[in-house]
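Visitor: My structure is below; once you've seen it, I'll send some questions.
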Amino acid sequence: MVKRDPMATGKGQERLEADAIVIGGGVVGCAIASALASDRSLLLLETEKRLGEGITSRNSGVIHSGLYYAKGSLKALTCVEGNRLLYPWAAARGVGHARIGKLVVARDAEDLAALEALERNARECGAPGIELVTRDFVRAKEPTLEAAAALWCPESGIVDAVELARSFAADATAKGAALVTSARVLAIERAAAGWLLQTERGEIACAQLVNAAGLHADEVAALAGVSKYRIRPCRGDYFRLATKVRYRHLVYPVRRPGSLGLGIHLTLDLSGGARLGPDSEFVESKSDFSSREGKLPAFLEAGRRLLGDIGPGQLSYDSCGIRPKLEGQSDFVVSRDLPGLVNLVGIESPGLTASLALARRVRDLLD
Ligand SMILES: Cc1cc2nc3c(=O)[nH]c(=O)nc-3n(C[C@H](O)[C@H](O)[C@H](O)COP(=O)(O)OP(=O)(O)OC[C@H]3O[C@@H](n4cnc5c(N)ncnc54)[C@H](O)[C@@H]3O)c2cc1C
């Protein structure tokens, strides 16, 4: 139960107190709130008016299998574990999702070598159910696709990310947590028994503090006295694809060594819509979501390489998301940097897939 102390600030304002505070109401913060709320009083603080409006509402919504990450990395471990945990959670809570499977398609000999390397890495990381498959297998799944071979990932799927975040939040409130929106955290100081936060909704004290502030996690860590993180925003744009072909699976190119993202791919949404994206572009701003229609030629070329003939009239600008890339580090950081403070920084893809597993890591670090 969160406590109210009306005299504590000495300014006539009431001060809230909780055992733990989670900063950030995205899919990761909400999963953490759900994991921690069983055995402590908890407040989740979110800048925006609604939960899930940050990176959580601007991504591909793919439940990844864990193909791409270095063996033993936090990304690899939490992606595979998160994939296993996410399907039963979504099914039990009525969160929109579909286990549609994904094809990583090799077009030529150079792609084939990279595909085999990807398969080896995926097996070492424990990616579930993956299989190298022939052109005929690909044709049976997606009759219009040209491929020399592919990696079939039957446990990849799609999920409504915002609904997922809200299902975690609903679980946390059912366990007694309080979710406070329009409550940006402005300052953080060390207090005798933990932490004292100044927020847009007043002062709040807690013993344990979790920073799950997405793109702003470096700034929030710095407020608490940890200045070693720097997030570089990396934008990814999407174009909507209008097509008569009814794709039923996610279709990815083989990732070229050294590329920033996974390569422009075909993602599907739960209503059957298709998009191409995201590309990768480092940008200055964490909040500039303006349209980039000028990228049409590049998307057309990438789309044709992946799917065959596409006309310019079939692609229209859709939206973008911004990845919180952590400078000098390619893995997720989940770190107990000070007593009672856990920072989650650089939670880019596969953070949505990994959310339940990341929440378990945080609980282990705090208990
Ligand atoms: C283009 C793109 C595609 C992606 N595709 C996939 C995918 O297909 N599959 C996958 O698994 N992952 C994907 N990801 C990654 C995934 O979307 C993220 O890892 C995940 O959404 C991160 O969630 P979060 O809760 O950490 O961040 P957010 O959703 O951004 O939540 C952080 C919250 O903190 C709040 N906040 C910030 N500062 C403060 C403050 N001072 N006080 C209070 N609140 C604050 C923000 O308002 C925000 O709501 C993709 C990401 C991008 C950008």
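Visitor: Among the listed residues 194, 225, 176, which satisfies the condition of being more than 30 Å from residue 307 (Cα to Cα), in contact (Cβ under 8 Å) with a residue 24 or more places away in the chain and touching a Cys at 6+ places or on another chain (Cβ under 7 Å)?
Guide: Details: 225 fails: touching a Cys at 6+ places or on another chain (Cβ under 7 Å); 176 fails: touching a Cys at 6+ places or on another chain (Cβ under 7 Å).
Just a single option satisfies the conditions, and that option is 194.
Visitor: Among the residues of region 54-84, which ones are within 7 Å of the ligand (Cβ to nearest atom), in a helix (DSSP H, G or I) and of a type in the set (Lys, Arg)?
Guide: Those that are within 7 Å of the ligand (Cβ to nearest atom), in a helix (DSSP H, G or I) and of a type in the set (Lys, Arg): none in region 54-84.
Visitor: I'd like to check which strands (runs of 3 or more DSSP E) are fully inside region 172-271 and have at least 1 residues that are outside the structural domain of residue 339 (by TED's automatic domain parsing) and over 18 Å from the mean Cα position of the chain (by Cα).
Guide: By residue number, 231-241, 250-253.
Visitor: Let me ask you something else. Applying the selection to region 142-159, what residues are in contact (Cβ under 8 Å) with a residue 12 or more places away in the chain and surrounded by fewer than 17 Cβ atoms within 10 Å (Cβ to Cβ)?
Guide: 144, 146, 148, 154
Visitor: Further, regarding this structure: Just to be sure I understand the filter: pairs with C-beta atoms under 6 Å, separated by 6 or more residues or on different chains, first member in region 52-80 and at positive phi, second member within 10 Å of the ligand (Cβ to nearest atom) and part of a helix (DSSP H, G or I). Which pairs pass?
Guide: 52/162; 52/165; 61/161; 66/79
Visitor: Within region 289-310, can you find the residues that are in contact with a Cys (Cβ under 9 Å, 6 or more places away or on another chain) and either among the aromatic types (Phe, Trp, Tyr) or under 20 Å from residue 327 (Cα atoms) (or both)?
Guide: Hit for region 289-310 is 289, nothing else.
Visitor: Which members of region 38-83 meet the condition of being under 14 Å from residue 359 (Cα atoms) and not aliphatic (A, V, I, L, M)?
Guide: 38, 75, 78, 79, 81, 82, 83
Visitor: Ok, one more. Before we move on, is residue 118 within 16 Å of the ligand (Cβ to nearest atom) and of a type in the set (A, V, I, L, M, F, W, C)? Even if it seems obvious, please write down each step before you answer.
Guide: Numbers: within 16 Å of the ligand (Cβ to nearest atom): no; of a type in the set (A, V, I, L, M, F, W, C): yes.
So residue 118 does not fit the description; no.
The values are calculated or read from the model by the stated rules, or taken from the named source; none is laboratory data. None of these values were measured; they are calculated from a predicted model. No Cβ is skipped: glycine too gets one built from the backbone with ideal geometry, and neighbour counts run over all protein chains shown.
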